1. Would you mind checking 25/279; 232/286; 261/286; 286/310; 266/286; 184/310 for any pair whose Cα atoms are more than 27 angstrom apart?
2. About its Cα centre, how strong a charge dipole does the chain have in debye, to the nearest 20, once Lys and Arg get +1 and Asp and Glu get -1 at the Cβ?
3. In whole percent, and with a 1.4 Å probe on the protein chains, what portion of the accessible area of the chain is carbon and sulfur?
4. Once amide H atoms are built 1.01 Å from N in the peptide plane, which residues 5 or more positions from residue 245, or in another chain, come under 5 Å H to H?
5. Under a plain spin-label model, where a point goes 7 Å from the Cα along Cα-to-Cβ, how far apart in nm are residue 287 and residue 117?
6. Using a Förster distance of 41 Å, how high is the FRET efficiency between residue 53 and residue 134, based on the Cβ-Cβ distance and rounded to 0.05?
7. Taking the Cα-to-Cβ direction at residue 235 and at residue 189 and moving 7 Å from each Cα, how far apart do the two end points lie in nm?
8. Using only helices, what value at 222 nm comes out for the chain when you add -39,500 (n - 2.57) per DSSP H run of length 4 or more and divide by the total residues, to the nearest 500 deg cm²/dmol?
Amino acid sequence: MPYQVPEPKIFACTQSTVLAEKIAKSYGADLGKVRFSRYSDGEFQPSFEESIRGARIFIIGSTNPGPENLMEMLLMLDAAKRASARHITAVMPYFGWARQDRKDKPRVPIAAKLVAKMLETAGATRIITMDLHADQIQGFFEKPVDHLFASTLFLPYLRELNLDNLCIASPDMGGSKRAYAYSKALESHVVICYKQRAKANVISHMELIGDVTGKNVVLVDDLVDTAGTLTKAADLMIERGAVSVRAITTHGLLSGDAYEKIENSKLTELIVTDSISVKKSHGKVKVLSCSDLFADVMHRVHHNTSISSKFLM
(Lines give C-alpha, C1' and ligand atoms only; values in the text may rest on other atoms or scores of the structure.)
Protein backbone atom coordinates (compact mmCIF):
# COMPACT_ATOMS: atom_id res chain seq x y z
CA MET A 1 0.00 0.00 0.00
CA PRO A 2 1.51 3.38 -0.99
CA TYR A 3 2.28 5.79 1.78
CA GLN A 4 -0.39 8.47 2.21
CA VAL A 5 0.92 11.91 3.12
CA PRO A 6 -1.11 13.07 6.13
CA GLU A 7 -2.81 16.42 5.75
CA PRO A 8 -1.11 19.32 7.53
CA LYS A 9 -2.53 21.15 10.51
CA ILE A 10 -3.17 24.90 10.34
CA PHE A 11 -3.01 27.17 13.37
CA ALA A 12 -3.55 30.90 13.85
CA CYS A 13 -1.92 33.57 15.95
CA THR A 14 -4.59 35.76 17.52
CA GLN A 15 -3.82 38.87 15.43
CA SER A 16 -4.46 36.96 12.18
CA THR A 17 -7.40 34.75 13.16
CA VAL A 18 -9.79 36.22 10.57
CA LEU A 19 -7.33 35.76 7.69
CA ALA A 20 -6.31 32.31 8.98
CA GLU A 21 -9.94 31.19 8.96
CA LYS A 22 -10.24 32.29 5.33
CA ILE A 23 -6.99 30.50 4.40
CA ALA A 24 -8.07 27.30 6.17
CA LYS A 25 -11.46 27.38 4.44
CA SER A 26 -9.80 27.88 1.06
CA TYR A 27 -7.38 25.05 1.84
CA GLY A 28 -10.27 22.79 2.82
CA ALA A 29 -9.27 22.29 6.45
CA ASP A 30 -10.31 23.43 9.90
CA LEU A 31 -8.13 25.61 12.08
CA GLY A 32 -6.30 23.67 14.79
CA LYS A 33 -7.05 24.28 18.45
CA VAL A 34 -4.77 26.67 20.33
CA ARG A 35 -5.42 28.07 23.78
CA PHE A 36 -3.78 31.21 25.15
CA SER A 37 -3.29 31.58 28.88
CA ARG A 38 -2.60 35.07 30.18
CA TYR A 39 -1.12 36.30 33.41
CA SER A 40 -2.23 39.51 35.05
CA ASP A 41 1.02 41.27 34.11
CA GLY A 42 0.44 40.66 30.38
CA GLU A 43 2.61 37.56 29.93
CA PHE A 44 0.92 34.91 27.78
CA GLN A 45 1.44 31.26 26.93
CA PRO A 46 0.11 29.45 23.84
CA SER A 47 -0.81 25.77 24.09
CA PHE A 48 -1.61 23.40 21.23
CA GLU A 49 -4.74 21.53 22.29
CA GLU A 50 -4.18 18.59 19.94
CA SER A 51 -1.28 16.33 19.01
CA ILE A 52 1.08 17.65 16.35
CA ARG A 53 3.78 15.00 16.77
CA GLY A 54 5.39 14.20 13.43
CA ALA A 55 3.02 16.51 11.54
CA ARG A 56 3.56 19.34 9.10
CA ILE A 57 2.03 22.44 10.60
CA PHE A 58 1.43 25.96 9.31
CA ILE A 59 1.31 28.80 11.84
CA ILE A 60 -0.37 31.88 10.36
CA GLY A 61 0.40 35.28 11.84
CA SER A 62 1.50 38.70 10.64
CA THR A 63 4.13 40.28 12.88
CA ASN A 64 3.19 43.93 12.54
CA PRO A 65 4.08 46.00 15.63
CA GLY A 66 3.42 46.06 18.55
CA PRO A 67 5.96 43.53 19.65
CA GLU A 68 3.31 41.18 21.10
CA ASN A 69 2.47 39.91 17.61
CA LEU A 70 6.05 38.85 16.97
CA MET A 71 6.38 37.33 20.45
CA GLU A 72 3.22 35.32 19.88
CA MET A 73 4.63 33.83 16.67
CA LEU A 74 7.92 32.99 18.40
CA LEU A 75 6.19 31.23 21.29
CA MET A 76 3.95 29.27 18.90
CA LEU A 77 7.01 28.12 16.94
CA ASP A 78 8.84 27.11 20.11
CA ALA A 79 5.81 25.20 21.40
CA ALA A 80 5.50 23.36 18.07
CA LYS A 81 9.20 22.44 18.10
CA ARG A 82 8.96 21.09 21.64
CA ALA A 83 5.80 19.16 20.70
CA SER A 84 7.82 17.28 18.04
CA ALA A 85 6.19 18.72 14.91
CA ARG A 86 8.11 17.49 11.87
CA HIS A 87 7.82 20.57 9.62
CA ILE A 88 7.00 23.99 11.05
CA THR A 89 6.16 26.70 8.54
CA ALA A 90 5.70 30.28 9.69
CA VAL A 91 3.13 31.83 7.36
CA MET A 92 3.68 35.57 7.73
CA PRO A 93 1.56 37.56 5.27
CA TYR A 94 3.25 40.69 6.67
CA PHE A 95 6.83 40.38 7.88
CA GLY A 96 7.06 43.08 10.53
CA TRP A 97 10.14 45.18 11.39
CA ALA A 98 11.30 44.83 7.77
CA ARG A 99 11.92 48.55 7.32
CA GLN A 100 15.01 48.15 9.51
CA ASP A 101 16.85 46.06 6.92
CA ARG A 102 20.20 47.93 7.04
CA LYS A 103 22.19 50.42 9.04
CA ASP A 104 21.16 53.77 7.59
CA LYS A 105 22.99 55.68 10.34
CA PRO A 106 25.43 54.79 13.13
CA ARG A 107 24.41 52.88 16.26
CA VAL A 108 21.10 51.44 15.04
CA PRO A 109 20.00 47.77 14.83
CA ILE A 110 19.24 45.68 11.76
CA ALA A 111 15.93 44.48 13.14
CA ALA A 112 14.92 42.44 10.08
CA LYS A 113 18.04 40.26 10.46
CA LEU A 114 17.40 39.86 14.19
CA VAL A 115 13.79 38.80 13.58
CA ALA A 116 14.91 36.27 10.96
CA LYS A 117 17.34 34.68 13.39
CA MET A 118 14.77 34.59 16.19
CA LEU A 119 12.25 32.82 13.94
CA GLU A 120 14.79 30.17 13.02
CA THR A 121 15.92 29.72 16.62
CA ALA A 122 12.31 29.39 17.75
CA GLY A 123 11.79 26.48 15.35
CA ALA A 124 10.63 27.67 11.92
CA THR A 125 11.79 25.28 9.18
CA ARG A 126 10.26 27.38 6.36
CA ILE A 127 8.92 30.90 5.93
CA ILE A 128 6.08 31.94 3.63
CA THR A 129 5.63 35.69 3.35
CA MET A 130 4.46 38.33 0.88
CA ASP A 131 6.01 41.50 -0.53
CA LEU A 132 8.95 42.00 1.80
CA HIS A 133 9.98 45.61 2.21
CA ALA A 134 13.32 44.64 0.64
CA ASP A 135 13.91 41.47 -1.39
CA GLN A 136 17.33 40.92 0.17
CA ILE A 137 15.72 40.13 3.54
CA GLN A 138 15.38 36.58 2.16
CA GLY A 139 19.14 36.36 2.54
CA PHE A 140 18.88 36.87 6.30
CA PHE A 141 17.43 33.36 6.60
CA GLU A 142 19.22 30.02 6.45
CA LYS A 143 15.86 28.27 5.98
CA PRO A 144 13.78 28.22 2.75
CA VAL A 145 11.73 31.36 2.13
CA ASP A 146 8.76 31.45 -0.25
CA HIS A 147 8.43 35.14 -1.09
CA LEU A 148 5.04 35.76 -2.72
CA PHE A 149 3.96 38.85 -4.62
CA ALA A 150 0.62 40.61 -4.30
CA SER A 151 0.79 41.33 -8.03
CA THR A 152 -1.08 38.02 -8.28
CA LEU A 153 -4.05 39.94 -6.85
CA PHE A 154 -3.43 43.48 -8.04
CA LEU A 155 -2.73 42.92 -11.75
CA PRO A 156 -6.11 41.24 -12.49
CA TYR A 157 -7.86 44.00 -10.54
CA LEU A 158 -6.10 46.77 -12.49
CA ARG A 159 -6.86 45.09 -15.80
CA GLU A 160 -10.53 44.91 -14.87
CA LEU A 161 -10.56 48.69 -14.31
CA ASN A 162 -9.61 49.10 -17.99
CA LEU A 163 -8.11 52.56 -17.42
CA ASP A 164 -7.13 54.67 -20.41
CA ASN A 165 -3.70 56.32 -20.50
CA LEU A 166 -2.54 54.21 -17.55
CA CYS A 167 0.62 55.30 -15.79
CA ILE A 168 2.36 53.42 -12.97
CA ALA A 169 4.11 55.50 -10.33
CA SER A 170 6.52 54.83 -7.50
CA PRO A 171 6.10 57.10 -4.46
CA ASP A 172 9.87 56.99 -3.81
CA MET A 173 13.14 55.99 -5.46
CA GLY A 174 13.32 52.72 -3.51
CA GLY A 175 10.15 51.41 -5.14
CA SER A 176 11.19 52.14 -8.72
CA LYS A 177 11.98 48.47 -9.47
CA ARG A 178 8.51 47.42 -8.31
CA ALA A 179 6.85 50.18 -10.35
CA TYR A 180 8.81 49.24 -13.46
CA ALA A 181 7.74 45.59 -13.10
CA TYR A 182 4.07 46.64 -12.96
CA SER A 183 4.48 49.01 -15.90
CA LYS A 184 6.08 46.25 -17.95
CA ALA A 185 3.26 43.81 -17.12
CA LEU A 186 0.60 46.42 -17.97
CA GLU A 187 2.50 47.96 -20.91
CA SER A 188 2.23 51.44 -19.46
CA HIS A 189 4.39 54.46 -18.70
CA VAL A 190 6.16 54.84 -15.36
CA VAL A 191 7.02 57.91 -13.26
CA ILE A 192 8.85 58.24 -9.96
CA CYS A 193 8.52 60.56 -6.99
CA TYR A 194 11.62 61.81 -5.26
CA LYS A 195 11.13 62.57 -1.58
CA GLN A 196 13.22 63.77 1.33
CA ARG A 197 12.29 63.05 4.93
CA ALA A 198 12.80 65.32 7.90
CA LYS A 199 12.41 62.20 10.11
CA ALA A 200 10.51 58.90 10.06
CA ASN A 201 6.94 59.35 8.69
CA VAL A 202 7.55 63.07 7.99
CA ILE A 203 8.21 64.25 4.41
CA SER A 204 9.98 67.58 3.98
CA HIS A 205 10.03 67.74 0.17
CA MET A 206 8.72 65.80 -2.84
CA GLU A 207 9.32 66.14 -6.58
CA LEU A 208 7.95 64.24 -9.59
CA ILE A 209 10.20 62.68 -12.23
CA GLY A 210 8.12 62.20 -15.37
CA ASP A 211 4.94 63.54 -16.99
CA VAL A 212 1.46 62.54 -15.76
CA THR A 213 -0.60 65.01 -17.79
CA GLY A 214 -3.84 63.35 -18.89
CA LYS A 215 -2.90 60.06 -17.21
CA ASN A 216 -4.77 57.74 -14.88
CA VAL A 217 -2.04 57.10 -12.34
CA VAL A 218 -1.62 54.05 -10.11
CA LEU A 219 0.86 54.41 -7.24
CA VAL A 220 2.53 51.14 -6.24
CA ASP A 221 4.08 50.48 -2.84
CA ASP A 222 4.64 47.57 -0.45
CA LEU A 223 2.99 49.18 2.58
CA VAL A 224 1.06 52.21 3.73
CA ASP A 225 1.62 53.38 7.28
CA THR A 226 0.53 56.96 8.03
CA ALA A 227 -0.35 57.48 4.32
CA GLY A 228 1.69 60.68 4.23
CA THR A 229 3.77 59.65 1.20
CA LEU A 230 0.86 58.31 -0.87
CA THR A 231 -1.47 61.22 -0.21
CA LYS A 232 1.23 63.83 -0.86
CA ALA A 233 2.18 62.05 -4.09
CA ALA A 234 -1.46 61.87 -5.18
CA ASP A 235 -2.02 65.57 -4.55
CA LEU A 236 1.19 66.43 -6.44
CA MET A 237 0.17 64.37 -9.46
CA ILE A 238 -3.28 65.92 -9.66
CA GLU A 239 -1.57 69.33 -9.55
CA ARG A 240 0.65 68.20 -12.45
CA GLY A 241 -2.33 67.27 -14.63
CA ALA A 242 -3.22 63.66 -13.77
CA VAL A 243 -6.86 62.67 -14.40
CA SER A 244 -7.04 60.32 -11.42
CA VAL A 245 -4.71 58.74 -8.87
CA ARG A 246 -5.15 55.34 -7.24
CA ALA A 247 -2.76 53.46 -4.98
CA ILE A 248 -2.13 49.74 -4.52
CA THR A 249 -0.23 48.77 -1.39
CA THR A 250 0.13 45.24 -0.12
CA HIS A 251 0.14 45.90 3.60
CA GLY A 252 -2.36 48.38 5.04
CA LEU A 253 -0.88 49.40 8.40
CA LEU A 254 -2.91 52.63 8.34
CA SER A 255 -1.74 54.02 11.65
CA GLY A 256 -2.09 57.45 13.22
CA ASP A 257 -4.25 59.83 11.18
CA ALA A 258 -3.94 57.77 7.98
CA TYR A 259 -7.70 57.55 7.36
CA GLU A 260 -8.09 61.31 7.74
CA LYS A 261 -5.26 61.94 5.27
CA ILE A 262 -6.79 59.54 2.76
CA GLU A 263 -10.21 61.17 3.11
CA ASN A 264 -8.80 64.66 2.53
CA SER A 265 -6.46 63.67 -0.31
CA LYS A 266 -6.94 63.50 -4.08
CA LEU A 267 -6.69 59.69 -4.00
CA THR A 268 -9.59 58.08 -5.84
CA GLU A 269 -9.00 54.72 -4.22
CA LEU A 270 -6.54 52.84 -2.01
CA ILE A 271 -6.38 49.09 -2.64
CA VAL A 272 -4.76 46.89 0.02
CA THR A 273 -4.72 43.19 0.93
CA ASP A 274 -5.91 41.66 4.17
CA SER A 275 -2.38 40.63 5.20
CA ILE A 276 -3.16 42.89 8.16
CA SER A 277 -6.73 43.35 9.38
CA VAL A 278 -7.92 46.77 8.24
CA LYS A 279 -8.82 48.77 11.35
CA LYS A 280 -12.06 50.17 9.94
CA SER A 281 -14.02 50.37 6.70
CA HIS A 282 -13.66 53.47 4.55
CA GLY A 283 -15.21 54.47 1.25
CA LYS A 284 -11.83 54.99 -0.43
CA VAL A 285 -10.20 51.80 0.91
CA LYS A 286 -10.78 48.51 -0.94
CA VAL A 287 -9.48 45.23 0.48
CA LEU A 288 -8.49 42.26 -1.71
CA SER A 289 -8.09 38.98 0.15
CA CYS A 290 -4.82 37.06 -0.11
CA SER A 291 -6.35 33.94 1.48
CA ASP A 292 -6.66 31.91 -1.74
CA LEU A 293 -3.06 32.74 -2.70
CA PHE A 294 -1.66 31.53 0.63
CA ALA A 295 -3.89 28.45 0.72
CA ASP A 296 -2.76 27.44 -2.76
CA VAL A 297 0.93 27.94 -1.95
CA MET A 298 0.60 26.04 1.35
CA HIS A 299 -1.00 23.13 -0.55
CA ARG A 300 1.84 23.15 -3.08
CA VAL A 301 4.48 23.30 -0.35
CA HIS A 302 2.90 20.37 1.48
CA HIS A 303 2.78 18.25 -1.68
CA ASN A 304 6.23 19.40 -2.87
CA THR A 305 4.99 20.87 -6.15
CA SER A 306 6.14 24.02 -7.92
CA ILE A 307 4.85 27.45 -6.95
CA SER A 308 6.35 29.21 -9.99
CA SER A 309 2.92 29.88 -11.48
CA LYS A 310 2.14 32.13 -8.49
CA PHE A 311 4.78 34.66 -9.57
CA LEU A 312 3.15 36.93 -12.16
CA MET A 313 6.15 39.25 -12.17
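1. Cα-Cα > 27 Å for no pair; all within.
2. Rounded to the nearest 20 debye, it is 560 debye.
3. Here carbon and sulfur together make up 49 percent of the probe-accessible area.
4. 217, 268
5. 3.6
6. FRET efficiency, residue 53 to residue 134: 0.65.
7. Result: 2.4 nm between the two label points.
8. Here the helix-only value at 222 nm equals -9000 deg cm²/dmol.
The values are calculated or read from the model by the stated rules, or taken from the named source; none is laboratory data. None of the values given here were measured: they were computed from a predicted structure. Note: ideal-geometry Cβ built from the backbone for every residue, glycine included; neighbour counts use all protein chains shown. Heavy atoms of the whole protein, side chains included, go into the accessibility calculation; ligands, DNA and RNA do not. Shrake-Rupley method; radii C 1.70, N 1.55, O 1.52, S 1.80 Å.
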